[in-house]
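Every number in this text was worked out from the coordinates using simple rules, so none of it is lab data. Quick caveat: nothing in here was measured; it's all calculated off a predicted structure. For neighbour counting, all protein chains shown are included, and Cβ atoms are generated from backbone atoms with ideal geometry for every residue, glycine included.
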Amino acid sequence: MRRTQHTPSGKALSALVLDLFRLNNQLLAAGDRLVADIGLTSARWKVLGTIAAAGRPQPVAWLARDMGGNRQNVQRIVNDLVHEGLVELRPNPHHRRAPLVAMTEAGQAALDHAMALQAPWMNELSRGLRSADLETTHRVIAAVCARLGADDEAKLG
């Protein structure tokens, strides 16, 4: 079987994706170290941040969608956060079997503490990098995410 060759942009995207995989692993490990003393992991921090960003309690499935993760993994983390008292489950008037996940005061305090640690960390990581380059990278990643999302929707439709 003959291998299909990458276009120049396909080759560049392939290299970027491999670097993003490596970066993701490094960010998760560094994030775990950063918030370990406040009883969080990167995964718990991400769920708390997603809950806060939503602005209102949401079902686990919606949180998973917003995070780009799968529902089962987010459910496991939410269960841990409930056990720790960082989030609570509330009745969902629209779906009895899909409770709404809401932040508790302890959860908001943990997220606030994590974000206070995150700002100097990001400032240090970004030192020497141009804001314009970071903004361009952000736009490219967002465009690829949008295309992947459109591909997923096309498969479902």
For region 78-157, shape from the Cα gyration tensor axes a ≥ b ≥ c, cut at a/c of 1.5 then a/b versus b/c, turns out oblate
For Leu16 and Leu148, extending 7 Å from Cα along the Cα-Cβ vector and measuring point to point gives, in nm, a value of 1.2
Under the rule that an exposed site lies in a DSSP loop and has at most 15 other Cβ atoms within 10 Å, name the longest stretch of the chain with no trypsin sites (Lys or Arg not before Pro) of that kind, not counting the sites themselves.
4-95
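For the chain, would you read off the P(r) tail past 23 Å as a percentage of all alpha carbon pairs?
Summing the P(r) tail past 23 Å for the chain gives 51 percent.
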Estimated [θ] at 222 nm from DSSP helical runs (n ≥ 4, -39500 (n - 2.57)) normalised by residues in the chain, nearest 500
-24000 deg cm²/dmol
If I model a spin label at Ser9 and Arg127 as a point 7 Å from the Cα along the Cα→Cβ vector, what separation in nanometres do I get?
3.7
Quick one: helix 71-84 against the long Cα principal axis of the chain, what's the angle to the nearest 10°, folded into 0 to 90?
40
